[in-house]
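The values are calculated or read from the model by the stated rules, or taken from the named source; none is laboratory data. Quantities reported herein were computed from a predicted structural model and do not represent experimental measurements. Cβ atoms come from the backbone with ideal geometry, glycine included; neighbour counts cover every protein chain shown.
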Amino acid sequence: MLEGANTFSGISVDDIDQARAFYGGRLGLQVKEQMGGLVATLPDGAELWIYAKPDHQPATFTVLNFVVDDLEGTVDALNAAGVATRIYDDLPYPADERGIVRGRAAGYGPDIAWFKDPAGNVLAVLDRG
C-alpha cells in the first residue's frame, strides 16, 4: 500500500528562529525553509519538518534519536556547543555527571543521553554498539 512513498517526520516548536539556530547552528544540520517551516536534513539523509505552532506543547517522550559511533565524544561536543545532556535527575537507573545512562552494562537498554531543543522537545544520542 505505501511502497515507494517518501517519508519524513515532523515536530512543532514555539519559536522558529530559535529552532533554526539550534538545529542548524548548535547541531550543525542543514536547515532550509520549506513547507511553511524548516526542513532539517538528518545525517542519514532523512528529513525532519519543524513547524511553528502558537500553542506548542513539547512531547513528554523522545521525538528524535541520533545513533552515533562515539557517544562520549558526541556528548562532549553537544556540551561544548551549549547543549545540556543531563536533563533528568529522577531516572530509575543511574546517569553519570554528563547525563549518560549506561544501559548496556546494566542489561536494560542502550547507552543513551537525552537533551532538549529550545521548544522543550526531547532528543537523544545513543551508542550504536
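Residues that are out of contact with any strand residue (DSSP E or B) (no Cβ under 7 Å at 6 or more places or on another chain), touching a residue at least 12 places away in the same chain (Cβ under 8 Å) and of a type outside the set (D, E, K, R) within the stretch 66-93 comprise Asn79, Ala81, Gly82, listed in sequence order. Within the stretch 30-41, being under 14 Å from the mean Cα position of the chain (by Cα) and either surrounded by fewer than 17 Cβ atoms within 10 Å (Cβ to Cβ) or without any contact (Cβ under 8 Å) to a residue 12 or more places away in the chain (or both) holds for one residue alone: Thr41. Residues in the stretch 42-56 that are acidic (Asp, Glu) and surrounded by fewer than 16 Cβ atoms within 10 Å (Cβ to Cβ): Asp44, Asp55.
Among residues of the stretch 101-129 being assigned to a loop (DSSP other than H, G, I, E, B) and not small (Gly, Ala, Ser), the one that is modelled with the lowest pLDDT is Tyr108. Residues in the stretch 96-125 that are without any contact (Cβ under 8 Å) to a residue 12 or more places away in the chain and under 16 Å from Thr62 (Cβ atoms): Gly103, Gly109.
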